[in-house]
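Working notes, structure below.
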Amino acid sequence: SKGKVEEMGILAGAGRTCSRRRVLWSWAASCYIWRNIIPHVSKGSRAIAVDLIGMGKSDKPDIGYHYDDHSRYVEGFVEALGLKDITLVIQDWGSLIGFRYAHEHEANVRGIAFMEASVRPLNFKDMPLDTRIMLPVVRTFPFGYLLIQVGNIFLSKLLPEMTPRKLTKEEIAAYHAPFPTIKSRKSVTQFPLEVPFSGKPAANHATVAGYSEWLKVTQMPKLFLNFSPGVLINKGMAEWIEKSLPNLTTVDCGAGKHFVQEDAPDLIGQKIVAWMSTQLSSQSEPSSRRIDMYKTRLWEAHGLHVACPDLDLVSATESQPSHAIL
């Protein structure tokens, strides 16, 4: 209801004098995945990696966690913090939210960097065999509930299997920490049902198809970080992206599966910075770098969940250009 206070977790980097910001959205579980990339992209600017509602350190209210819910929270967050001229850095579930935001708010986005993303509607047949077998199962009740919400399969099995590098015990613990109970994993159980595959859910398919068509015509600068063999972006999809998207810079990043931020954070960060310096003509002032954990408070206003800073992250009325990582 209106006035209900909730919290959204933020991982932020850079000094207070920066003139631009980046927002990062990614795999649903946690913005922790961006921890080793922020030191690169926060040079001279503010980088903001946000835990989506129900994920990571964000609150876990009793909502449906549908595609529209996540988009509404993100729109409110950007609006309340007054983020302008955002550079989006997106992957996985965050790509569906980020591409949608850019399509619907084109005037507020300077550019998009993406990796392992949903650039167009996906089909089960395009997925690797193991993923093709698993997806219909986790998208069917009660199997998805039992495997994900009860068994925690996403964190205990998918995360290590789709990360070639062996994660440390400390890293695994950090990913598991926000989801200690069955109830706390509701959002993680729902998001695989929200990603459109082979036309379903129909409404979400239409949204992805809409931003996919827009991506084929917009001259907004785009950076495609390509990893092989990938999961969402295989060889055929990569070829389609290079052929179809204008004003695109492609970087071959070598071997990688899905959670590429864990395998090549330095390379990803360096390539994003290089692309921004040449394609986005950044005029930001140098500033000291730091990485802190912040939280913002959210409440419902005018039908939207709106974020306002709880700490000195950024003025809610500030209108300077921004960068974002989703």
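The values are calculated or read from the model by the stated rules, or taken from the named source; none is laboratory data. Keep in mind that what you see is a predicted model, and the values were worked out from it rather than measured. Note that we place each Cβ from the backbone using ideal geometry, even for glycine, and neighbour counts take in every protein chain shown. Accessible surface areas use protein heavy atoms only, side chains included; no ligands, DNA or RNA. Shrake-Rupley method; radii C 1.70, N 1.55, O 1.52, S 1.80 Å.
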(message) So PRO178 passes all but one of these: (1) open to solvent by less than 20 Å² (accessible area, probe 1.4 Å); (2) assigned to a loop (DSSP other than H, G, I, E, B); (3) in contact with a Lys or Arg (Cβ under 9 Å, 6 or more places away or on another chain); (4) not hydrophobic (A, V, I, L, M, F, W, C). Which condition number does it fail?
(response) (1)
(request) Report yes if some residue within region 199-206 is in a helix (DSSP H, G or I), touching a helix residue (DSSP H, G or I) at 6+ places or on another chain (Cβ under 7 Å) and either of a type outside the set (Val, Ile, Thr) or open to solvent by less than 20 Å² (accessible area, probe 1.4 Å) (or both); otherwise report no. (result) yes
(request) Give the residues of region 250-263 that are of a type in the set (A, V, I, L, M) and open to solvent by 20 Å² or more (accessible area, probe 1.4 Å), sorted by residue number. (result) VAL251, ALA255
(request) Identify, from the list THR131, THR163, the residue that is at pLDDT 90 or above and of a type in the set (S, T, N, Q). (result) THR163
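Let's see how each residue does on (1) more than 28 Å from ILE37 (Cα to Cα); (2) of a type in the set (Val, Ile, Thr):
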{"position": "VAL89", "(1), (2)": "no, yes"}
{"position": "ALA107", "(1), (2)": "no, no"}
{"position": "VAL137", "(1), (2)": "yes, yes"}
{"position": "ILE153", "(1), (2)": "no, yes"}
{"position": "THR163", "(1), (2)": "no, yes"}
(message) I want to confirm something. Restricting to region 205-250 and keeping residues that are over 20 Å from the mean Cα position of the chain (by Cα) and of a type in the set (Lys, Arg), which single residue is farthest from LEU280 (Cα to Cα)?
(response) LYS235
(request) Inspect all residues belonging to region 59-76 and state whether any of them is touching a Leu at 6+ places or on another chain (Cβ under 8 Å) and of a type in the set (A, V, I, L, M, F, W, C). (result) yes
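For region 207-226, which positions are part of a strand (DSSP E or B) and either open to solvent by 10 Å² or more (accessible area, probe 1.4 Å) or out of contact with any helix residue (DSSP H, G or I) (no Cβ under 8 Å at 6 or more places or on another chain) (or both)?
Passing the criteria: only ASN226.
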(message) Go through region 73-109 and report how many residues are open to solvent by 40 Å² or more (accessible area, probe 1.4 Å) and at pLDDT below 95.
(response) 4
